[in-house]
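The values are calculated or read from the model by the stated rules, or taken from the named source; none is laboratory data. On a predicted model such as this, the values are computed, not experimentally measured, just so you know. Methodologically, a virtual Cβ is constructed for each residue, glycine included, from the backbone with ideal geometry; neighbour enumeration extends over all protein chains shown. Keep in mind that these areas ignore ligands, DNA and RNA; they rest on the heavy atoms of the full protein, side chains included. Shrake-Rupley method; radii C 1.70, N 1.55, O 1.52, S 1.80 Å.
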Amino acid sequence: MPAHEMPAQRKLLILPGDGIGPEVVRQVRRVIDWLSRRRGFAFVIEERPVGGAAIDLDGVPLSDATLEAALAADAVLLGAVGGPKWDGMPFDRRPEAGLLRLRRELALFANLRPAIVIDALVDASPLKPELVRALDLMIVRELTGGVYFGEPRGIADLGDGERRAVNTQVYTSSEVRRVARVAFELAARRGKRVCSVEKANVMETGVLWREEVTRVHADEFPALELTHMYADNCAMQLVRNPRQFDVIVTDNLFGDMLSDEAAMLTGSLGMLPSASLGAPDAAGRRRALYEPVHGSAPDIAGRDIANPIATLLSFTMMLRYSFDLAAEADAIDAAVHTVLKGGMRTADIMSPGMARCSTTVMGDAILRALDKQAG
Ligand code: NAD
């Protein structure tokens, strides 16, 4: 949305959640405070429990009031949910059920997972540095359709010990077109190239996918480059030459796998942000949820050693895509790069010769770098 159409107030709902969620979100709050103090950007922030923390307080992982707040917000930032304390509960009342309900009610159909290799961490990649240096690709995965939701589904007993399981891969043109639009809009702000990925050689859904993406491209984004690739080839190309990609758009199933594969090119879970976007409303505002890819990491929770960068980079995605504040997002990203270049590392990204630091000290260092950049 153009800045002049932005509502004066930016309404942000923060859901810290469980485990390391509150610890990493705390560092983002400090950066938000910095933006308000030093750059004059006001955010109206509401913070509410979700997941296990909400179960302990309200008896449910996502209360109706929190859902209302999410629907009313311009964007939602989530830490992580879950933990051993709630593992014995029935699936529909577990912390993760709250997150699933939130995604469903916000109708978040496009999942964005960037794979960015920061120069200072190039050796953390399992691939050779020359293959991944300066890698910056974005995978857009369709999130609410396809084989994970298609009907019919189920396991039938055929008798005599024989059973039959069915899942249905199904897509409509509008489901494909809306996620294709998200991918083209993103590419327009980046490298201007979209690679659409399916299996049109063996699946009708792939044929429809290819035709609809091609149509959206011709009708609405002819200035951008569109290529097509089969999903199996894409899996190979991601490790052979990942830098050939700018934006990849693909369905729910292939996106699930390819985004995890791409994530590993960067080497560390504590560094991976994500965004999930829904349909635009009348004012052009898309519903949006931003969250790190990692979970609540109960094994290290409460020790102030988690890496806050995945959550901070999720927040910079929010600045870019929900608030059109690309310059501020760039400034925060640059501060993160500076700190890593200076050798500071949380335990998960530690390597010989670097300086190990806590969650809070990493936050301190990023704020100092922001101060220094601002002069
Ligand atoms: P996890 O991502 O929480 O942790 C996997 C490993 O990575 C752990 O060793 C952990 O210490 C480490 N790790 C994760 N994030 C880190 C960070 N920021 N800094 C340093 N190290 C980090 O996955 P898990 O252990 O499979 O799941 C733990 C809990 O989180 C479970 O209850 C699971 O259901 C939940 N979970 C939630 C989400 C979510 O909220 N979106 C996603 C995945 C898992």
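Here are some notes:
- Rounded to the nearest whole Hz, the Karplus-based 3J(HN,Hα) values (6.51 cos²θ - 1.76 cosθ + 1.60, θ = phi - 60°) of region 175-184 follow the sequence 5, 6, 5, 5, 6, 4, 4, 4, 5, 5, with x at glycine and proline.
- Remark: spin-label model distance Ser36-Thr360 equals 2.1 nm, labels positioned 7 Å along the Cα→Cβ axis.
- Using a probe of 1.4 angstrom and keeping all protein chains present, the accessible surface of the chain works out to 44 square angstrom per residue.
- Reachable lysines from Lys11, criterion Cα separation under 29 angstrom, eight or more residues apart if same chain: Lys372
- The string of couplings for region 293-305 from the Karplus curve (6.51, -1.76, 1.60, θ = phi - 60°) is 6, 6, x, 8, 6, x, 5, 10, 5, x, 10, 6, 10 Hz, one whole number per residue in order, with x for Gly and Pro.
- Note on Tyr230 and Arg303: the model spin-label points, each 7 Å out from Cα along the C-beta direction, lie 4.6 nm apart.
- Other-chain or far-sequence residues with amide H under 5 Å of Glu47's (modelled H): Ile14
- The chymotrypsin sites (Phe, Trp or Tyr not before Pro) of region 77-154 meeting both criteria, a DSSP state outside H, G, I, E and B (loop) and at most 16 other C-beta atoms within 10 angstrom of the site's C-beta, are Phe149.
- A Förster radius of 22 Å, combined with the Cβ-Cβ distance separating Asp136 from Lys341, puts the computed FRET efficiency at roughly 0.85.
- Under 11 Å, Cβ to Cβ, from Leu131 - net charge with Lys/Arg +1 and Asp/Glu -1: +3
- Charging the Cβ of each Asp and Glu at -1 and of each Lys and Arg at +1, and nothing else, the dipole of the chain about its Cα centre rounds to 1000 debye.
- Set of lysines with alpha-carbon distance to Lys128 below 22 Å, sequence-local pairs under 8 removed: Lys341
- Sparse-neighbour loop sites [chymotrypsin sites (Phe, Trp or Tyr not before Pro); region 313-375; at most 11 other C-beta within 10 Å; DSSP]: none
- Residue-by-residue Karplus 3J(HN,Hα) for region 307-321, coefficients 6.51, -1.76, 1.60, Hz, glycine and proline x: 7, x, 5, 4, 6, 5, 5, 5, 5, 5, 4, 4, 4, 5, 8
- Separation of the Arg240 and Glu211 label points, Cα + 7 Å toward Cβ, nm: 2.9
- Surface composition of the chain: carbon plus sulfur atoms contribute 54% of the solvent-accessible area (1.4 Å probe, protein chains only, all chains present).
- Global form of the chain, assessed from the alpha-carbon gyration tensor, a/c cut-off 1.5: rounded
- Amide H partners (placed H, <5 Å) of Cys195, local residues excluded: Thr227, Asp246, Val247, Ile248, Val249
- Annotation: extensible slack from Phe43 through Asp64 equals 5.3 nm (criterion: 0.36 nm per residue apart, minus Cα-Cα distance).
- Those residues of region 24-64 whose amide nitrogen sits under 18 Å from the label point placed on Ala72, 7 Å along Cα→Cβ: 43-50, 62-64
- Comparing Asp256, Asp58, Asp18 in a Gaussian network model of the chain, where Cα atoms under 10 Å apart are tied by springs, the biggest mean-square fluctuation is seen for Asp58.
- For Leu135, residues with placed amide H under 5 Å, excluding near neighbours: Val117
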